[in-house]
Amino acid sequence: MKPAVFLDRDGTLNEDTMYPHKIHHFKMLPGVIDGLKKLSKKYIFVIITNQSGIGRGVFKEEDFQNFNNHLITTLKKEGIEIKKTYHCPHTSEQVCECRKPSAKYINDAAEEFGIDIKKSWVIGDHLHDLEMGINAGCRSVYMLTGHGKMHINDIEKSKTKPDFTANNFLEAANFIMGQ
């Protein structure tokens, strides 16, 4: 069994414009490429992302897939492989089993790719990313990118605490590799 890093997408890997879904708005966040290359020496990568814009009718499933494929292709050109992207298209008002903080997609990925959850990490910029990791039994890094700075008070008031809080992705990767 191998360890993984479960990655939030918007605000963690790429800039989080409101409901990012257009390729011409795509912008990788600083340190992501170098951080993923560093982590790839030990970990496999899986993206888990809530995409309520689909459920709200802001964009279509096809728009999500095109944007996500562009991200995957950009990373692949750098020698970085994303094993799979799992996404929840539902709104927070809809009742589903896949929306973060549910650990469903971590468990699905663990089964599909033989992942050792206990040696794995979650990196994200929302409280629900940390809660997903805790629900699954992973360690976590909270990112101050994306929505991270805006929600830092939620983290501080919450019982859910990350193992580390990072200013950027490379800092997160360095911390994980040092553990």
Return the only residue of LYS118, LYS100, LYS104 being open to solvent by less than 20 Å² (accessible area, probe 1.4 Å) and touching a Cys at 6+ places or on another chain (Cβ under 8 Å).
LYS100
Go through (1) open to solvent by less than 30 Å² (accessible area, probe 1.4 Å); (2) at pLDDT 95 or above one by one and return the number of the condition ARG139 breaks.
(1)
Filter the stretch 1-54 down to the residues that are among the acidic types (Asp, Glu) and outside any loop (DSSP other than H, G, I, E, B), then identify the one that is surrounded by the most Cβ atoms within 10 Å (Cβ to Cβ).
ASP10
Filtering the stretch 55-81 for residues that are touching a residue at least 40 places away in the same chain (Cβ under 8 Å), over 15 Å from HIS25 (Cβ atoms) and outside any loop (DSSP other than H, G, I, E, B) leaves a count of 1
Filtering the stretch 84-102 for residues that are assigned to a loop (DSSP other than H, G, I, E, B) and basic (Lys, Arg) leaves a count of 2
Quick check: is even one residue across the stretch 146-161 outside any loop (DSSP other than H, G, I, E, B), out of contact with any Cys (no Cβ under 8 Å at 6 or more places or on another chain) and of a type in the set (Lys, Arg)?
yes
Take the stretch 58-83 and flag every residue that is open to solvent by less than 60 Å² (accessible area, probe 1.4 Å) and of a type outside the set (D, E, K, R).
PHE59, PHE64, PHE67, ASN68, LEU71, ILE72, THR74, LEU75, ILE80, ILE82
Considering GLU112, GLU156, which residue is open to solvent by 40 Å² or more (accessible area, probe 1.4 Å) and closer than 20 Å to LYS42 by Cα?
GLU112
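The values are calculated or read from the model by the stated rules, or taken from the named source; none is laboratory data. All values derive from a computational prediction rather than experimental measurement. Ideal geometry is used to build each Cβ from the backbone, glycine not excepted, and the neighbour counts take in all protein chains shown. Ligands, DNA and RNA are excluded from the accessible area calculation, which covers all protein heavy atoms including side chains. Shrake-Rupley method; radii C 1.70, N 1.55, O 1.52, S 1.80 Å.
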